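The values are calculated or read from the model by the stated rules, or taken from the named source; none is laboratory data. Please read all numbers here as calculations on a predicted model, not as lab measurements. Reconstructed Cβ throughout: ideal geometry from the backbone, glycine too, with neighbour counts over all protein chains shown.
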Amino acid sequence: MSTDPYGARVRALFADPAHAGQLANAAGVLVEDQGVRIAFSAQLAVGRVDTLRFQAWGCPHVIAAAEAFCADYEGRSATDLLEFSTSDLMQSLSVPVEKTGRILVIEDAVRSLARQILGPTPKEH
Amino acid sequence: MAEQADLIYLDYAASTPVDPWVAEAMTALMTADGNYANPSSTHAAGRQSVEHIAHAARQLATLLNTDPWQLIWTSGATESDNLAILGGAHYRQERGRHLVTMRTEHKAVTDAFTELERQGYSVTWLNPEPNGLLDIAKLEEALRDDTQLVSIMHINNETGVVQDIAQIGAICRDRDILFHVDAAQSAGKLPIDLSTLPVDLMSMTAHKVYGPKGIGALYVAERPGVHVDPLFFGGGQQRKLRPGTLPAQQIVGFGAAAAIAQSRMIHDLKHLNAMRERLWSGIRDIPGISTNGAIESAFPGILNVSIEDIEGESLLLALEPLCVATGSACNSKSQEPSYVLRALGTSDALAQSAIRFSFGRPTSASDIDIAIECYRNSVARLRSLAPGRVE
């Protein structure tokens, strides 16, 4: 039985977060909750998310999850951001259930970023 | 994860490696060609085993300048603490049921007192000053006519702060109050003279001083009114205070570790001081860094630092391959900030970023230099990853 609280993927993403940083002249959000701070910035090209960057203050799972999100969504349609859910990330990174609240802050930040890029969703009118 | 060979171990307050000479002495009592007999047996091999145990008791007693028969072997400091606190309080319960301790004690002590509260005893929990030291006036104020036991640790396991057990003991002795000291971090590391110190009960353990895990001792002073009721029953070993077959090889290991500790203590202290000074000099200029507990009143084997605007769990992972602690090892699976640091008045955020470095005989200057580089780089990297605050 492993006593390591972090899987190999979390360790790799935490050690080398290729998407860490902040983009100038880009859409951007900053969310602070649950003792976590997350910022995302995105540059678009013809409806696609061309470049994504994050900044994070939180535990290793939060940093790894933010990096994983950026790596997954770069190059995808901006409307895909609306579909983002943390459940897949929680599973693929084996995030302990007690950290769910922290990871949900990432979902809040992504939703906020999507609204900024795409405008309010119909429900919000 | 880093391989074992790449790790820089700076967690000697949690445990130390067994000294090779200690391991050799222990092995001689474990295998078929050695003396593995039960010391309770009356045959020749059993009597030889008793001799080994008596020799170890003399070694530990010499370290502490006391008599061997005032020492009771236990499984470690946790059991010693429980036997001293529960056993001492039960023994004196007809005289009174008020007890005093500090909020910064090890869990082995605080949980024993919590159990006594559950049993109907009244406990006064003293807070330390911000520097970690006990204000003696506050102790004197807390004592009552029915106070029967005071328990204050010698070296704090998280901050390294050293309490003045001579002064505290003198106050207790004047009032005929049992005084217990958790010396898990100090026995074998700081000079302790039980022939002059007014201490009635003292807990210690072998694995913090290059001895084996699984063996500890409780000193019970031979003077009127000092006694503990046993927690275990069965067999008549150790004057029925702590029955059970004595683990001769563990005891011999503790005795050998004590003898080595005595012969090296001055050298060890000088080395630890140099290691702490080197580390603190290498990181003290980082903006927002501070020590937990006053460094001038702390044991040099421990340096506990906090840093502003850094998340502690990420710092700990970023620091690999350093083996350091966020709180006491016994408490480090908890995500809660250290209760010891909170009792010092440290904010939750700062307490959560706390790292305890602790040094030992094998620690080298190059280990410290790696630790400095690693700490500085990790803090810089995590700060560069962090966004500003929401306005």
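Would you check if residue A:36 is more than 8 Å from chain B (Cβ to nearest Cβ), in contact with a Lys or Arg (Cβ under 8 Å, 6 or more places away or on another chain) and buried (at least 20 other Cβ atoms within 10 Å of the Cβ)? Spelling it out, residue A:36 is indeed more than 8 Å from chain B (Cβ to nearest Cβ), in contact with a Lys or Arg (Cβ under 8 Å, 6 or more places away or on another chain) and buried (at least 20 other Cβ atoms within 10 Å of the Cβ). When A:82, A:89 are screened for being modelled with pLDDT under 95, assigned to a helix (DSSP H, G or I) and surrounded by 15 or more Cβ atoms within 10 Å (Cβ to Cβ), only A:89 passes.
Within segment A:39-57, being within 12 Å of chain B (Cβ to nearest Cβ) and either part of a helix (DSSP H, G or I) or at pLDDT below 95 (or both) holds for no residue. Within segment B:38-54, take every residue that is in contact (Cβ under 8 Å) with a residue 40 or more places away in the chain and surrounded by 16 or more Cβ atoms within 10 Å (Cβ to Cβ) and give me the one that is nearest to residue B:71 (Cα to Cα). Of everything passing the filter in segment B:38-54, B:53 is nearest to residue B:71 (Cα to Cα). Please work out if residue A:30 is within 11 Å of chain B (Cβ to nearest Cβ), more than 9 Å from the chain's Cα centre (by Cα) and modelled with pLDDT of 95 or more. When the stated conditions are applied, residue A:30 passes them.
Yes/no matrix, rows are residues, columns are (1) touching a Gly at 6+ places or on another chain (Cβ under 8 Å); (2) away from chain A (no Cβ under 14 Å); (3) surrounded by fewer than 17 Cβ atoms within 10 Å (Cβ to Cβ); (4) in contact (Cβ under 8 Å) with a residue 60 or more places away in the chain:
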| residue | (1), (2), (3), (4) |
| --- | --- |
| B:353 | yes, no, no, no |
| B:358 | yes, yes, no, yes |
| B:362 | no, yes, yes, yes |
| B:365 | no, yes, yes, yes |
| B:370 | no, yes, yes, yes |
| B:387 | no, no, no, no |
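Residues in segment B:217-247 that are among the small types (Gly, Ala, Ser) and either in a loop (DSSP other than H, G, I, E, B) or not assigned by TED's automatic domain parsing to the domain that holds residue B:25 (or both) were compared, and the one that is nearest to residue B:202 (Cα to Cα) is B:221.
The set of residues from segment A:6-33 being surrounded by 16 or more Cβ atoms within 10 Å (Cβ to Cβ) and more than 20 Å from residue B:384 (Cβ to Cβ) comprises A:6, A:7, A:27.
When segment B:273-319 is filtered for residues that are more than 14 Å from chain A (Cβ to nearest Cβ), assigned to a strand (DSSP E or B) and of a type in the set (Val, Ile, Thr), the ones remaining, listed by number, are B:289, B:291, B:302, B:305. Filtering segment B:108-128 to residues that are surrounded by fewer than 16 Cβ atoms within 10 Å (Cβ to Cβ) and either over 23 Å from residue B:171 (Cα atoms) or free of Cβ contacts under 8 Å to residues at least 24 places away in the same chain (or both) leaves B:111, B:114, B:115, B:117, B:118, B:119, B:120.
Do we have residue A:64 as in a helix (DSSP H, G or I) and away from chain B (no Cβ under 14 Å) here? No: the conditions fail for residue A:64.
Is it the case that some residue within segment B:198-205 is over 14 Å from the mean Cα position of the chain (by Cα) and either surrounded by fewer than 24 Cβ atoms within 10 Å (Cβ to Cβ) or of a type in the set (S, T, N, Q) (or both)? The answer is yes, given that some residue of segment B:198-205 is over 14 Å from the mean Cα position of the chain (by Cα) and either surrounded by fewer than 24 Cβ atoms within 10 Å (Cβ to Cβ) or of a type in the set (S, T, N, Q) (or both). The combined condition, being among the basic types (Lys, Arg), assigned by TED's automatic domain parsing to the domain that holds residue B:194 and outside any helix (DSSP H, G or I), is fulfilled by residue B:95. Residues in segment A:11-34 that are closer than 22 Å to residue A:119 by Cβ and in a strand (DSSP E or B): A:27, A:28, A:29, A:30, A:31.
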